[in-house]
Amino acid sequence: MTERFTKAAARNIFYGGSLFFFAAFVGLTALSHNYIVNKGTDSAGLTDAVARGKHVWEKNACINCHTLLGEGAYFAPELGNVWLRYGGDKDHEGAVTALKGWMAAQPSGIEGRRQMPQFNLTDREVEDLGAFLEWTSRINTQNWPPKLSG
Amino acid sequence: MKYESQKVALWYFAAAMGLFGVQILVGLLAGVVYVLPNTLSELLPFNLIRMIHTNALIVWLLIGFFGAAYYLIPEESEVELHSPKLALIQLGLFVFGALAAVVGYVFRVHEGREFLEQPTWIKAAIVVVALMFLYNITMTVLKGRRTVITNILLVGMWGIALFFLFSFYNPANLALDKMYWWYVVHLWVEGVWELVMASILAFLMIKMTGVDREIVEKWLYAIVGLALFSGILGTGHHYYWIGTPGYWQWIGSIFSTLEVAPFFTMVVFSFMMVWKSGRRHPNKAAMLWSLGCAVFAFFGAGLWGFLHTLAPINYYTHGTQVTAAHGHLAFYGAYAMINLAIITYAMPYLRGVQPYNQVLNMWSFWLMSGGMAFMTFALTVAGVVQTHLQRVMGMDYMEVQEQLALFYWMRLGAGVAVGAGVLLYLYAIFGPAREERPASIPTSYQPAE
């Protein structure tokens, strides 16, 4: 590096540039926050049941096996669109019943197959979880994932 | 080692290596569950195994960073640490918090956001520990000589603490939750952690090559500038599909492509410094780890990140084994290796002996690095197959996973090699010191500074 490019110049570019890009990022985040609340998600439909369902999701650390909108562990299926795989967009009650059946049947105990733990969820907790997954399936994800398989 | 208080680093390095061992053991267990899925499935389900694997990783890397800071700041600032006692209390609290968290996880006591599973009281304790650390190093830096290395390291460390505060914000709206969650996760590992890494690397280069400080410092500013200019808006590559606006696909694709630049610059920098300097440092293993760190970070974080960062590609690969491949090599190359490098460099001084067990240490380098490289290839191929079957053909997730069994066996094999490398490393570092040197190093070589 040449003499003309002094250490002071390098320092100023680093601090100035970083502040600039951070400010730009915070600004874009604020815009995105606004977009999420008004367009990207169904804020009006974010009921207490959805919020409770999110808590059920977190309390049982589902993210450490599954992915949700592609983020999480990669050990078990994507659940951002599981509500659609269960046909919940057409038959809400049917999907809730199926979910209750699924949760009650775990672990399968089948040799050589990945095991989902028994979380001993109450009926109400499964319903809340269903409400959360239903709400999540309606997030505008720019058409991700490409296939129903998640 | 010129300052008595640098000795606290020894305790940090020991604690970091202990947790490193836990991380690798539990990682091996996770690898076993992938191929023999009934293993411990009721006693310790996979979600808890993975939680311990990732949390132990993050905590040992942080403890290593703390130790590195306590080692290099007195030497850079040319004063004793403000309070070595506070540093040891801080370590005790942090290790207690980490162990309490792990024991809690086993008994299902945790929160549920990825990597931020620590119960709130432990998160609060982490903040207290971070404040003790920041107070200690900031006071030390203010008292002594100011260098670019200490400045960048301080900015990085303050950034780590600041962005961690976002872990306390957990809105009910999942999309908002995810957007701010990345303020911790991305702005750590693709932002301020790179500052810490680059400043440790710069310190090692000054010490081992003896190249003029002025030159190293200009490079350091260039590297961290590139890291933040690209990395901050590069966060956009996490905002493609989570309910955020479509413009992130452009911003994320462009800026995260540029995220390769700082890692490439680190490779050029470290090799240039070594090439320019006529001398060779007697601690050959530390040099190997330092150069290896730059190269593996470039491959793992740089190239393997670029592999799936463009939005049209990420649309298909997002959340597959491709991500797992990138995650493993990036963390190893950038952050595990910089820690192993500074530990290898500092330990002879901390133990008061000449560089020791060099050959063993270098064998552990090749075993660990070879294992990680093979693991990355196996997971990458698994990810490509998965992407095609699941995301293009639309096959069911579990059916696809059955097709990947061979690659998971290969990953487990690679993991065993890594585990053996870790054992060798721990023995080389903490075992009896034998001061013999590799035949290729004449005894006349001297440390640079």
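Here, each number is a calculation from the coordinates, and none is a lab measurement. Keep in mind that this is a model prediction, so the values were computed, not measured. Using ideal geometry, Cβ is built from the backbone for each residue, glycine included, and neighbour counts are taken over all protein chains shown.
Using a cut-off of under 15 Å, list every residue of the range A:113-150 whose amide N is near the label point 7 Å from the Cα of residue B:392 along the Cα-to-beta-carbon line.
Residues passing the 15 Å test: A:146-147.
Take the Cα gyration tensor of the range B:250-348, multiply each eigenvalue by 5, square-root it, and list the three semi-axes largest first, rounded to whole angstrom.
Sorted largest first and rounded, they come to 31, 15, 8 Å.
Subtracting the Cα-Cα distance from 0.36 nm times the residue separation, let me have the gained length for residue B:279 to residue B:85 in nm, one decimal.
Full extension from residue B:279 to residue B:85 adds 66.1 nm.
Over the alpha-carbon set of the range A:37-150, work out the extent along each principal axis and list the three values in angstrom, largest first.
46, 30, 26
Just flag the trypsin sites (Lys or Arg not before Pro) in the range B:129-170 sitting in loop per DSSP whose Cβ has no more than 16 other Cβ atoms within 10 Å.
B:145, B:146
Sort B:65, B:168 so that the residue with the fewest other Cβ atoms within 10 Å of its own Cβ comes first and the one with the most comes last.
Going from least to most buried by this count: B:168, B:65.
Fewest first, what order do B:189, B:127, B:392, B:322 take by the number of other Cβ atoms within 10 Å?
B:392, B:127, B:189, B:322
Note down, for the range B:307-449, the three equivalent ellipsoid semi-axes (square root of 5 times each alpha carbon gyration tensor eigenvalue), biggest first, whole angstrom.
Taking √(5λ) for each eigenvalue gives 41, 16, 11 Å, largest first.
For the protein assembly as shown, just run the numbers: alpha carbon Rg, then divide by 2.2 N^0.38 Å, N being how many residues it has.
Expressed relative to 2.2 N^0.38 Å, the Cα Rg reads 0.97.
Looking only at the range B:360-391, which residues have a backbone nitrogen under 20 Å from a spot 7 Å from the Cα of residue B:35 in the C-beta direction?
Answer for this model: B:367-386.
Run the Debye formula on the Cα coordinates of the range B:4-44, all scatterers equal and no solvent, and tell me log10 I(q)/I(0) at q = 0.30 1/Å.
Results for the range B:4-44 at q = 0.30 Å⁻¹ read -0.93.
At 37 °C and a viscosity of 0.692 mPa s, what translational diffusion coefficient does Stokes-Einstein give for the range B:243-297, taking Rh as the Kirkwood radius over Cα pairs? Give it in µm²/s as a whole number.
Translational D for this selection: 242 µm²/s.
Would you give the gap between the C-alpha center of the range B:165-184 and the C-alpha center of the range A:76-95, rounded to a whole Å?
A separation of 25 Å, based on Cα centres.
Once both axes come from the Cα atoms, what is the angle between helix B:358-386 and the longest principal axis of chain B, in degrees from 0 to 90, rounded to 10?
20 degrees
Need one number: the % of Cα-Cα pairs in the range B:179-323 sitting beyond the 23 Å mark.
39 percent
For the protein assembly as shown, what does the helix formula give at 222 nm: sum of -39500 (n - 2.57) over DSSP H segments with n ≥ 4, over the residue count, nearest 500 deg cm²/dmol?
When only DSSP H runs of four or more count, the value is -21500 deg cm²/dmol.
So for the pair residue B:406, residue B:303, with labels modelled 7 Å out along Cα→Cβ, what separation do we get in nm?
Taking the simple label geometry, residue B:406 and residue B:303 are separated by 2.3 nm.
Would you list B:219, B:250 from fewest to most Cβ contacts within 10 Å?
If I rank by nearby Cβ atoms, fewest first, I get B:250, B:219.
Taking the Cα centre of each part, how many Å lie between the range A:119-135 and the range A:25-62?
17 Å
So what does log10 I(q)/I(0) come out to for chain B at q = 0.07, 0.12 Å⁻¹, using the Debye formula with one equal point on every Cα and no solvent?
Result of the Debye calculation: -0.34, -1.05.
Using a Förster radius of 22 Å, what is the FRET efficiency between residue B:423 and residue B:359 based on their Cβ-Cβ separation? Nearest 0.05, please.
0.90
Could you name the lysines in cross-link range of residue A:7, using Cα to Cα under 24 Å and dropping any fewer than eight places away on the same chain?
B:143, B:207, B:218, B:276
Assuming R0 = 30 Å, can you tell me the calculated FRET efficiency for the pair residue B:161 and residue B:99, based on Cβ-Cβ distance, to the nearest 0.05?
The computed FRET efficiency comes out at 0.90.
With charges only on Cβ, +1 for K and R and -1 for D and E, what is the dipole size of chain B about its Cα centre, in debye, rounded to 20?
760 debye
Below 15 angstrom from the Cβ of residue B:232, what's the summed charge of the other residues (Lys, Arg +1; Asp, Glu -1)?
-3
For chain B, modelled as a Gaussian network with Cα springs under 10 Å, which listed residue fluctuates most, B:253, B:41, B:77?
B:41
Given R₀ = 30 Å, FRET efficiency for residue B:108-residue A:47 by Cβ-Cβ distance, to 0.05?
According to the calculation, E is roughly 0.65.
Taking residue B:7 as the anchor, which lysines have their alpha carbon closer than 17 Å to its alpha carbon, excluding any fewer than eight residues away along the same chain?
Leaving aside lysines fewer than 8 places away in the same chain, those within reach of residue B:7 are B:85.
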